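The values are calculated or read from the model by the stated rules, or taken from the named source; none is laboratory data. Keep in mind that what you see is a predicted model, and the values were worked out from it rather than measured. Note that we place each Cβ from the backbone using ideal geometry, even for glycine, and neighbour counts take in every protein chain shown.
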Amino acid sequence: MDAFRVHGGTRLSGRIAIDGSKNAALPLMAASILTDEPVTLRGIPDLSDITNMKRLLVEVGVAVNDQRGPLTFQTADATQNHARYDIVRTMRASICVLGPMLAKRRRVKVAMPGGCAFGHRPVDLHLRGMEALGAKIELDGGNIIATADRLEGATIFLGGPFGSTVLGTANVMSAATLARGTTIIESAACEPEIADIAKLLNAMGARITGAGTPRIRIEGVDQLGGADHTVMPDRIVAGTYTIAAGMTNGDVVLEDFPYDNLLAVIDILERVGVHLERVDPNADAGRCTVRCTSERRLRPVMLTTQPYPGFPTDLQAQMLSLLCLADGNSIITEKIYPERFMHVAELTRMGAQLFRQGPTVVVQGVPELFGAPVMASDLRASACLVQAGLIAGGETIVSRVYHLDRGYVEMERTLNALGARIERINVPLNADIEVERKPASAESPLITTIGQTPIVSSNT
């Protein structure tokens with residue numbers, strides 16, 4: 001099992017470029033099913049989720065040119081309509097083939113998806129959207145079976161208990177491009193990845209307006225053609241490396257930075273004391289160059305995760321690790337996935353002072369963190385633990401970094417290029433992991449109190 005050995009105490013500096021967005025790339029790849037002509041995608045990141053999506057597309061009859069550089073997708077066998085469990089279980093985004101396959105091939109069988117385990121994330125909104133377009137939905141042995149002679153346009157409400165669904169919006173929007181008549185999606189996800197998918201679909205001949213707003217209108221067409229599209233930069237990767245630079249009091253230049261898509265994050269970081277300066281103010285704000293610096297003393301904040309354009313849930317864990325160093329008490333409330341706090345126990349092992357109550361965590365800033373063996377539970381929690389290791393005294397071993405490979409292209413190489421000291425090592429399962437420890441200083445108490453609740457930390 002791969003793990004990272006992180007040697008703490010280094011200050012990040014240098015220049016990196018932000019990779020293409022994974023969350024946009026996966027449904028963009030699935031959209032190639034909607035046409036018989038080739039679709040070329042540029043800037044697709046080399047991630048395990050991307051590899052699994054390529055496997056899935058080949059499984060359902062799409063030929064993939066996976067030579068270095070742009071990827072080209074073209075349907076080779078439109079009779080294949082079964083997305084099997086052994087591939088789908090590796091990532092939740094596999095469900096995004098449902099809409100394109102249903103619209104183009106009239107029948108699809110997709111296994112219920114897998115992915116990160118941090119709470120209940122049902123696909124009922126996806127299915128409700130397909131039913132509204134006229135599909136017949138059945139569940140059989142863990143598979144979703146959807147059929148339709150031809151989809152019919154409809155007005156569809158996609159709001160859920162925790163906000164709009166991004167993959168559900170992408171699925172319904174993609175399916176509606178080939179539906180007869182007009183489809184209106186109300187309470188659509190506003191994330192920039194939806195606008196990027198609509199940009200590709202319109203280049204293929206779709207007629208979509210309003211993508212990126214809560215109301216999307218799709219005029220169905222009879223067929224779609226090929227297109228050439230460059231994937232937007234990954235705003236979560238950009239936010240992760242920005243936070244890492246701020247935690248280490250670094251000085252980092254980030255190219256291909258999606259500034260306009262991270263305004264809520266930039267606002268919070270400025271209040272904390274991490275500053276982003278546009279190096280090229282005349283460039284496209286969706287893909288520009290910024291310089292990240294930070295103040296030596298970080299300030300506490302209160303933040304709540306929200307659907308876009310609010311603070312993204314996918315940066316909550318990373319921000320929590322930063323606030324462990326702030327001079328005071330911070331409060332983080334998770335409104336998208338209330339159970340997404342499995343990293344809290346691991347950060348506590350490193351000396352963080354954290355108190356969780358339901359969907360809220362109180363973070364009492366400490367002068368320093370300490371290296372320890374920790375275990376990653378999901379993609380973004382993995383990133384937060386690596387960040388904590390960058391500033392922890394001594395050595396941190398982060399196990400199960402296969403989660404990281406789903407969303408970050410060789411994170412260890414990227415951070416090492418900025419001066420970090422990270423090694424990818426192989427750790428046998430159930431191994432007794434020893435780390436180099438740095439003794440706690442007198443200023444770092446092991447027990448503190450918030451209200452009447454004692455918080456106990458372990459440095460081992």
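Residues of the range 329-361 that are in contact with a Gly (Cβ under 8 Å, 6 or more places away or on another chain), crowded, with 23+ Cβ neighbours inside 10 Å and among the aliphatic types (A, V, I, L, M): Met350 alone. Identify all residues within the range 389-429 that are assigned to a loop (DSSP other than H, G, I, E, B) and hydrophobic (A, V, I, L, M, F, W, C); write none if there are none. Result: Ala392, Val409, Ala417, Leu418, Ala420, Val427, Leu429.
Check whether at least one residue in the range 320-328 is among the aliphatic types (A, V, I, L, M), in a helix (DSSP H, G or I), more than 19 Å from Asp251 (Cβ to Cβ) and out of contact with any Gly (no Cβ under 8 Å at 6 or more places or on another chain), and report yes or no.
The initial filter retains those residues of the range 320-328 that are among the aliphatic types (A, V, I, L, M), namely 320, 322-323, 325-326.
Filter again for in a helix (DSSP H, G or I), leaving 320, 322-323.
Still in the running and more than 19 Å from Asp251 (Cβ to Cβ): 320, 323.
Narrowing the set further to residues that are out of contact with any Gly (no Cβ under 8 Å at 6 or more places or on another chain) leaves 320.
The answer is yes, given that some residue of the range 320-328 is among the aliphatic types (A, V, I, L, M), in a helix (DSSP H, G or I), more than 19 Å from Asp251 (Cβ to Cβ) and out of contact with any Gly (no Cβ under 8 Å at 6 or more places or on another chain).
Tell me yes or no: at least one residue of the range 141-154 is crowded, with 18+ Cβ neighbours inside 10 Å and touching a Pro at 6+ places or on another chain (Cβ under 9 Å). The answer is no; no qualifying residue exists.
Count of the range 167-204 residues, restricted to those that are over 20 Å from Val108 (Cβ atoms) and modelled with pLDDT under 95, is 0. Counting only strands (runs of 3 or more DSSP E) wholly contained in the range 209-312, the ones carrying 1 or more residues that are among the charged types (D, E, K, R) and without any contact (Cβ under 8 Å) to a residue 60 or more places away in the chain occupy 215-219, 274-278, 288-294.
Of note, Ile218 satisfies the criterion of being out of contact with any Pro (no Cβ under 7 Å at 6 or more places or on another chain), in the same structural domain as Glu152 (by TED's automatic domain parsing) and surrounded by 21 or more Cβ atoms within 10 Å (Cβ to Cβ). Pick out the one residue from Ala203, Ala188, Ala175 that is under 23 Å from Thr40 (Cα atoms), in contact (Cβ under 8 Å) with a residue 24 or more places away in the chain, buried (at least 17 other Cβ atoms within 10 Å of the Cβ) and not hydroxyl-bearing (Ser, Thr, Tyr). Answer to the check: Ala175.
So if I check each of Glu295, Glu270, Glu255, which one is within 17 Å of Tyr408 (Cβ to Cβ), modelled with pLDDT of 95 or more and surrounded by fewer than 19 Cβ atoms within 10 Å (Cβ to Cβ)?
Values: Glu295 fails: within 17 Å of Tyr408 (Cβ to Cβ); Glu270 fails: within 17 Å of Tyr408 (Cβ to Cβ).
Matching residue, one of Glu295, Glu270, Glu255: Glu255.
Among residues that are more than 21 Å from the chain's Cα centre (by Cα), surrounded by fewer than 19 Cβ atoms within 10 Å (Cβ to Cβ), over 27 Å from Glu193 (Cα atoms) and not acidic (Asp, Glu), Pro281 is not included. Every condition in (1) out of contact with any Gly (no Cβ under 7 Å at 6 or more places or on another chain); (2) surrounded by 23 or more Cβ atoms within 10 Å (Cβ to Cβ); (3) in a strand (DSSP E or B) is met by Arg380 except one, and the failing one is (3).
Looking across Val362, Val366, one residue alone is assigned to a loop (DSSP other than H, G, I, E, B) and either of a type in the set (Val, Ile, Thr) or within 20 Å of Ile425 (Cα to Cα) (or both). It is Val366.
Among the residues making up the range 351-406, a single one is out of contact with any strand residue (DSSP E or B) (no Cβ under 9 Å at 6 or more places or on another chain) and among the hydroxyl-bearing types (Ser, Thr, Tyr): Ser377.
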